[in-house]
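Presented below is the structure to which this report refers.
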Amino acid sequence: MSYSIGEFARLCGINATTLRAWQRRYGLLKPQRSDGGHRQYSDDDIQQALKILDWVKKGVPVSQVKPLLARPGARRTNNWLSLQESMLQRLKEGKIDSLRQLIYDAGREYPRPELVTEVLRPLRSKVSANVPVMMTLREILDGIIISYTSYCLEGDKKAPGDNYLITGWYLTDPCEIWLEALLRTGQGHRIDVLPVPPAALAPEIFPDRKWLLVTGGKLTAARKKQIDLWQQQVVSLDVIPL
């Protein structure tokens, strides 16, 4: 069978931007072209993409994957730490534009769920000390994360998809809303963000939207009761505990 890039992206769980980067920059995928010039992927391409994905989830730089595909028994390594350290160094040196570019490049080359869980969240933890210097660095980093997430969300709205609203609930770190949104980009969702968790939430006023609530702390009996009530009032509501 042949698949369009959108169908291929959904089957592999990889956003189309990343797939294009794997093809253009690294020659990892070689789709055929239709008479109209559109990319057409095969079942063999799906298997190849899943092999690539297996390596990059271990933190192997995309630029180093191609020779590994020819050696199935090659030792798997984890290079997420080196990417974190590269970003941290640029942040501490005040190279904001360079850091921004590195994050944007990583978002094209790596699946965004791994970018969030293996790079951005650990990186934020490294600048979490409650001292002015670290707090300032973290705010700069968060600004870049929010900007990049907004860029990805706007790209998703150019194509059809399910309509989501995402916000925080009993959440002390609002940037986690943006990280959870970024983690879900490129997956056929059209997501709008409520960036500041409201003091009181009324998801029932938008019953045609799917709600995602990012929450911290324990789900107490009172919170579970409130969730049950909301789920009776709206079409879809999911809670994302951190």
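Scanning residues 5 or more positions from SER236 or on other chains, those with amide H under 5 Å from its amide H are TRP211, with H placed 1.01 Å from N in the peptide plane.
Entry comment: accessible area of the chain is 53 Å² per residue, from protein heavy atoms only and a probe of 1.4 Å. Think of region 88-217 as a dipole: +1 on every Lys or Arg Cβ, -1 on every Asp or Glu Cβ, centred on the Cα centre; then among ILE140, SER98, SER150, SER98 lies furthest on the positive end. If only the Cβ of Lys and Arg carry +1 and only the Cβ of Asp and Glu carry -1, the dipole of region 18-151 around its Cα centre is close to 280 debye. Taking the accessible area of the chain, probe 1.4 Å, and keeping the other protein chains in place, the carbon and sulfur fraction comes to 51%. Comparing GLN89, VAL239, ALA202 along the charge dipole axis of the chain, the residue lying farthest to the positive side is GLN89, per the Cβ-charge model.
Toward the positive end of the charge dipole of region 24-149, with +1 on the Cβ of Lys and Arg and -1 on the Cβ of Asp and Glu, the farthest Cα among SER128, VAL62, GLN32 is that of VAL62. Cα centroids of region 136-205 and region 49-70: 29 Å apart.
The values are calculated or read from the model by the stated rules, or taken from the named source; none is laboratory data. The structure presented is a predicted model; accordingly, all values stated were derived computationally and were not measured. Cβ coordinates were reconstructed from backbone atoms using ideal geometry, including for glycine residues, and neighbour counts include every protein chain displayed. These accessible areas exclude ligands, DNA and RNA; they are computed on the full protein's heavy atoms, side chains included. Shrake-Rupley method; radii C 1.70, N 1.55, O 1.52, S 1.80 Å.
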